[in-house]
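*Asks:* This is the structure I want to talk about, given as structure tokens.
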Amino acid sequence: MPDGTDVDYDGLIPNNVDLNHDLVVRRALETWHPGYIDWWNDMGPEGFQQALVYLRTAVSVDPKGWAKFDYVRMPEYKWGILLAPGVDNRKIPFGRHKGEPVWQEVPGEYRAMLRRLLVIQGDTEPASVEQQRHLGATAPSLYDLRNLFQVNVEEGRHLWAMVYLLQKYFGTQGREEAEELLRRRSGHQDTPRMLGAFNEATPDWLSFFMFTTFTDRDGKMQLAALAQSGFDPLSRTCRFMLTEEAHHMFVGETGVARIIERTCAAMRAAGIADATNVGAVRDVGVIDLPTIQKKINLHFSLTLDLFGNEISTNAANAFNASLKGRFREDKLTDDHELLGDTYPVLRCVNGAIIEQQVPALSALNMRLRDDFVDDAAAGVGRWNKVIERSGIEFRLALPHVAFNRRIGEFTALKADTEGRILGDDEWARAPDKYLPTTDDNLYVTSLMRPVRETGAFAGWIAPPKVGIDNKPGNFEYVKIEES
Ligand SMILES: [Fe+2]
Ligand SMILES: [Fe+2]
């Protein structure tokens, strides 16, 4: 069983970590469970806790068939602890301990560092559920409502994943951290979540799709880096989380693509060729492309801040300690120690943006952010294909990494979305020009009305190409009335 292919699905907590024979941890998790359910009921999806939702639940870690789909009331969802199967004779792939057998226990010298990594990752999971809790009220279809809830229950499971590691490997301190993870609240003045983007509001569905496109993609990058860890239980945990994460980004990226598709179709039907004629586009009840661009600018820049300082000794230490690797570390062909290497980093020097070579070890945040930017740019490219196919002349783009930053090199820089340094006057006008204005937000909000008839969609978003679990277009993804 500990090799992690069989899942014990019968108990309170489905798992493939043999909880039945690990009574201390089982008791810790069972003690934590009621608090988690209280948190879910208080801070999880508002108003749909008794609805039957067509959800996938992880019942295996076999890549070929790990999930089953069925109607579930969310508070009864089986949040389990699932680690990807162990790899025989796995060796630490990077850092000071490269080539040594992976650790099954936490090395004493790295306890504090590892605990911090787990807590930061763990804190993001419930945060996003809190940020999204009001969205059910305005879902544009039952299909989208179900996707929202799927993302929410899986973020809940990701919290379980981190809490398991804390409780199993960090004793009393781990149990205290697990309690704290339920105590902090997104956006709360006194007890906020740990990272900025997870304290922002997610007020509408365009924001939700942008968040799942960009911020869940940060999650993917962080999990991919932690999946390389020399601490094998963390590696296995993150590898399985990544299979779920892919769906979150799918929800975001296809959500935005469907909005763009609908906007372009409505523009064509109304004979509007100029995408910047915002008034005309809004008159036909869809979201104009310039507003979509502004939302990209906002969510992309907020997400970049999650990567931390470009030059970071913490990142270097975590790599040296063989705890957190690079994106796809095992596919890279250098020496995986980086001791004498350099990496190009964009820096702010005398108010200008210049590229500098810095020691590769201290530039690991920057490197992960670069990998993120490449990944995100591919998604924007797919959105542009949708616009292109409609024949409308407009291109979406990622803003420059120096735009609208609160953390790192560019915090003090007055840069526009192209990375040009602005004078004071231009800078004063920049927020309205590049970020959603109150008017933009009010317009988007005005479109947010719930659509709950089976198979129907709000007028500002196109239906998906295929259903979830290959269900037909008129499938009832959420049974709201059957409480
Ligand atoms: Fe997650
Ligand atoms: Fe996610």
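Yes/no per residue for (1) open to solvent by less than 20 Å² (accessible area, probe 1.4 Å); (2) closer than 28 Å to K465 by Cβ:
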| position | (1), (2) |
| --- | --- |
| V358 | yes, no |
| L361 | no, no |
| N365 | no, no |
| V373 | no, yes |
| R382 | no, yes |
| F394 | no, yes |
| F403 | yes, no |
| D416 | yes, no |
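*Asks:* Scan the range 143-178 residue by residue and report those that are touching a residue at least 12 places away in the same chain (Cβ under 8 Å), more than 28 Å from A51 (Cα to Cα) and away from ligand 1 (no atom under 16 Å from the Cβ).
*Replies:* Result: Q167, K168, Y169, F170, Q173, G174, R175, E177, A178.
*Asks:* If the requirement is being open to solvent by 10 Å² or more (accessible area, probe 1.4 Å) and assigned to a loop (DSSP other than H, G, I, E, B), which of these qualifies: R116, R111, R96? Give the steps one after another, and end with the answer.
*Replies:* Details: R116 fails: assigned to a loop (DSSP other than H, G, I, E, B); R111 fails: assigned to a loop (DSSP other than H, G, I, E, B).
Step by step, each of R116, R111, R96 is checked, and only R96 is open to solvent by 10 Å² or more (accessible area, probe 1.4 Å) and assigned to a loop (DSSP other than H, G, I, E, B).
*Asks:* Okay, next question. Could you say which residue among R258, R262, R282, R268 is more than 16 Å from ligand 2 (Cβ to nearest atom), in a helix (DSSP H, G or I) and more than 18 Å from V444 (Cα to Cα)? Outline the logic, then answer.
*Replies:* Working: R258 fails: more than 18 Å from V444 (Cα to Cα); R262 fails: more than 18 Å from V444 (Cα to Cα); R282 fails: more than 18 Å from V444 (Cα to Cα).
Going through R258, R262, R282, R268 in turn, just one is more than 16 Å from ligand 2 (Cβ to nearest atom), in a helix (DSSP H, G or I) and more than 18 Å from V444 (Cα to Cα): R268.
*Asks:* Which residues, counting only those in the range 239-257, are touching a residue at least 24 places away in the same chain (Cβ under 8 Å), of a type in the set (A, V, I, L, M, F, W, C) and either within 13 Å of ligand 1 (Cβ to nearest atom) or open to solvent by less than 10 Å² (accessible area, probe 1.4 Å) (or both)?
*Replies:* Passing the criteria: F240, M241, A246, M249, V251, V256.
*Asks:* How many residues are open to solvent by 80 Å² or more (accessible area, probe 1.4 Å) and under 22 Å from G325 (Cα atoms) when one looks only at the range 69-93?
*Replies:* 3
*Asks:* In addition: For P140, which of the numbered conditions (1) farther than 30 Å from E453 by Cβ; (2) open to solvent by less than 20 Å² (accessible area, probe 1.4 Å); (3) outside any helix (DSSP H, G or I); (4) more than 16 Å from ligand 1 (Cβ to nearest atom) fails to hold?
*Replies:* It fails just one condition, (1).
*Asks:* Consider only pairs whose beta carbons are under 7 Å apart and that are at least six residues apart or on different chains; among these, list those whose first residue lies in the range 431-449 and is of a type in the set (D, E, K, R) and whose second residue is at pLDDT 95 or above.
*Replies:* D440/T291; D440/K294; R449/T138; R449/A458
*Asks:* Kindly establish whether S141 is at pLDDT 95 or above, among the polar types (S, T, N, Q) and closer than 20 Å to L117 by Cα. Reasoning before the result, please.
*Replies:* Details: at pLDDT 95 or above: yes; among the polar types (S, T, N, Q): yes; closer than 20 Å to L117 by Cα: no.
It is false that S141 is at pLDDT 95 or above, among the polar types (S, T, N, Q) and closer than 20 Å to L117 by Cα.
*Asks:* In the set T237, T191, T291, which member is within 16 Å of ligand 2 (Cβ to nearest atom) and among the β-branched types (V, I, T)?
*Replies:* Being within 16 Å of ligand 2 (Cβ to nearest atom) and among the β-branched types (V, I, T) holds for just one of T237, T191, T291, which is T237.
*Asks:* Given the criteria more than 13 Å from ligand 1 (Cβ to nearest atom) and either outside any helix (DSSP H, G or I) or among the β-branched types (V, I, T) (or both), does S235 qualify? Reasoning before the result, please.
*Replies:* Working: more than 13 Å from ligand 1 (Cβ to nearest atom): yes; either outside any helix (DSSP H, G or I) or among the β-branched types (V, I, T) (or both): no.
For S235, the condition - more than 13 Å from ligand 1 (Cβ to nearest atom) and either outside any helix (DSSP H, G or I) or among the β-branched types (V, I, T) (or both) - is not met.
*Asks:* Do we have G47 as assigned to a loop (DSSP other than H, G, I, E, B) and open to solvent by 10 Å² or more (accessible area, probe 1.4 Å) here?
*Replies:* yes
*Asks:* Output the number of residues of the range 119-135 satisfying the condition of being in a helix (DSSP H, G or I) and more than 14 Å from ligand 1 (Cβ to nearest atom).
*Replies:* 2
*Asks:* From the residues in the range 200-212 that are under 22 Å from G122 (Cβ atoms) and assigned to a helix (DSSP H, G or I), which one is nearest to ligand 2 (Cβ to nearest atom)?
*Replies:* Among those residues, the one meeting the criterion is T212.
*Asks:* Of all the residues that make up the range 216-225, how many are open to solvent by 10 Å² or more (accessible area, probe 1.4 Å) and more than 11 Å from ligand 2 (Cβ to nearest atom)?
*Replies:* 1
*Asks:* Next question, about the same structure. Among the residues of the range 322-381, count how many are within 30 Å of I292 (Cα to Cα) and of a type outside the set (D, E).
*Replies:* 22
*Asks:* In addition: One residue is enough: does the range 463-480 have a residue meeting the conditions within 26 Å of the chain's Cα centre (by Cα) and over 30 Å from K68 (Cβ atoms)?
*Replies:* So in the range 463-480, the residues within 26 Å of the chain's Cα centre (by Cα) come out as 463-471, 477-478.
Now drop any that are not over 30 Å from K68 (Cβ atoms), which leaves none.
So far as the range 463-480 goes, no, none of its residues is within 26 Å of the chain's Cα centre (by Cα) and over 30 Å from K68 (Cβ atoms).
*Asks:* For the range 277-289, give me the residue count where each residue is touching a residue at least 24 places away in the same chain (Cβ under 8 Å) and not aliphatic (A, V, I, L, M).
*Replies:* Total satisfying the criteria: 3.
*Asks:* Condition first: open to solvent by 20 Å² or more (accessible area, probe 1.4 Å) and within 12 Å of ligand 1 (Cβ to nearest atom). Can you find one or more residues in the range 197-215 that meet it?
*Replies:* No, the range 197-215 has no match at all.
The values are calculated or read from the model by the stated rules, or taken from the named source; none is laboratory data. Model, not experiment: these values are computed from the prediction. Methodologically, a virtual Cβ is constructed for each residue, glycine included, from the backbone with ideal geometry; neighbour enumeration extends over all protein chains shown. To get the accessible areas, we keep the full protein, side chains included, count just its heavy atoms, and leave off ligands, DNA and RNA. Shrake-Rupley method; radii C 1.70, N 1.55, O 1.52, S 1.80 Å.
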